[in-house]
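**Q** One structure coming up, written as structure tokens, with questions to follow.
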Amino acid sequence: MDLTEGTSQEKRARSKKMMLWFGIGSLIMSFAGLMSAFIVSSKQRLNEDWLVDFQLPNAFLISLVLILLSSLTFHLGKKALSENKMKMVTIWLLVTLGLGVAFVYSQFIGFGEIIATGYNFTGPTSNITMSYIYIITVLHIAHVIAGLICLIVVIYNHFKQKYNANNMLGFELAANFWHFVDMLWLVLFLFLYFFRYII
């Protein structure tokens, strides 16, 4: 379909969706670069400071469950909006927000578990493996926080009655970004969890 076709509203919607996908594409490349650096570092065994048998904290698995559930609740909120069930939209949005906050909290619990095993981000008790895990996780948390800000804006606009079954653009854009950061954590978690078995 020609991007110049349609009403001004339709063209604006296509433009915003395209901008979102370009942004997501750049984020995918950024995290792919980090994962590649992780792999290269493991093969080179830089300074012989690489942990072969590193363990991910249990809190990271809990956070995975939380963020996958939040994708489901956001989807249910979008479905309720398409049916103009505004009370259900409110419930699902608030549940999604709660799950998102719980995800960030569980990530910091995970950092605490890593520190408790004796590994810090920097200093004499740090190593390359855990530093990579810290960096990858913190960068992902930053994008989840960006998603939470978008979600709060969506909740605010929802209470202002700006969305309905015929006007879902802002809601849909936020939902797509949220689903992306959710799936990104799934990929990162599986990569970090199974990588130790193949090096």
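**Q** Quick one: is VAL153 at pLDDT 95 or above, part of a helix (DSSP H, G or I) and under 14 Å from the mean Cα position of the chain (by Cα)?
**A** no
**Q** Next question, about the same structure. Of all residues in the stretch 156-186, which are crowded, with 18+ Cβ neighbours inside 10 Å and among the hydrophobic types (A, V, I, L, M, F, W, C)?
**A** Scanning the stretch 156-186 gives PHE171, ALA174, ALA175, PHE177, TRP178, PHE180, VAL181, LEU184, TRP185.
**Q** Moving on. Can LEU93 be described as surrounded by 17 or more Cβ atoms within 10 Å (Cβ to Cβ) and under 12 Å from ALA175 (Cβ atoms)?
**A** Against the criterion (surrounded by 17 or more Cβ atoms within 10 Å (Cβ to Cβ) and under 12 Å from ALA175 (Cβ atoms)), LEU93 qualifies.
**Q** Would you confirm, using the coordinates I've provided, whether GLY98 is assigned to a helix (DSSP H, G or I), loosely packed, with under 15 Cβ neighbours inside 10 Å and not hydroxyl-bearing (Ser, Thr, Tyr)?
**A** yes
**Q** Of all residues in the stretch 112-136, count the ones that are part of a helix (DSSP H, G or I) and either surrounded by fewer than 16 Cβ atoms within 10 Å (Cβ to Cβ) or touching a residue at least 40 places away in the same chain (Cβ under 8 Å) (or both).
**A** The total comes to 12.
**Q** Also, quick follow-up: Exactly one of (1) surrounded by fewer than 19 Cβ atoms within 10 Å (Cβ to Cβ); (2) assigned to a helix (DSSP H, G or I); (3) touching a strand residue (DSSP E or B) at 6+ places or on another chain (Cβ under 9 Å) is unmet by PHE108. Its number?
**A** (3)
**Q** Sticking with this structure for a sec: State whether the residues of the stretch 42-57 include one that is aromatic (Phe, Trp, Tyr), within 17 Å of PHE194 (Cα to Cα) and over 14 Å from the mean Cα position of the chain (by Cα).
**A** yes
**Q** Hey, can you tell me all the residues within the stretch 80-93 that are out of contact with any Gly (no Cβ under 9 Å at 6 or more places or on another chain) and either part of a helix (DSSP H, G or I) or free of Cβ contacts under 8 Å to residues at least 60 places away in the same chain (or both)?
**A** Passing the criteria: ALA80, LEU81, SER82, LYS85, MET86, LYS87.
The values are calculated or read from the model by the stated rules, or taken from the named source; none is laboratory data. These numbers were taken from a predicted model, which means no experiment stands behind them. In this analysis, Cβ positions are derived from the backbone assuming ideal geometry, glycine residues included, and neighbour counts consider all displayed protein chains.
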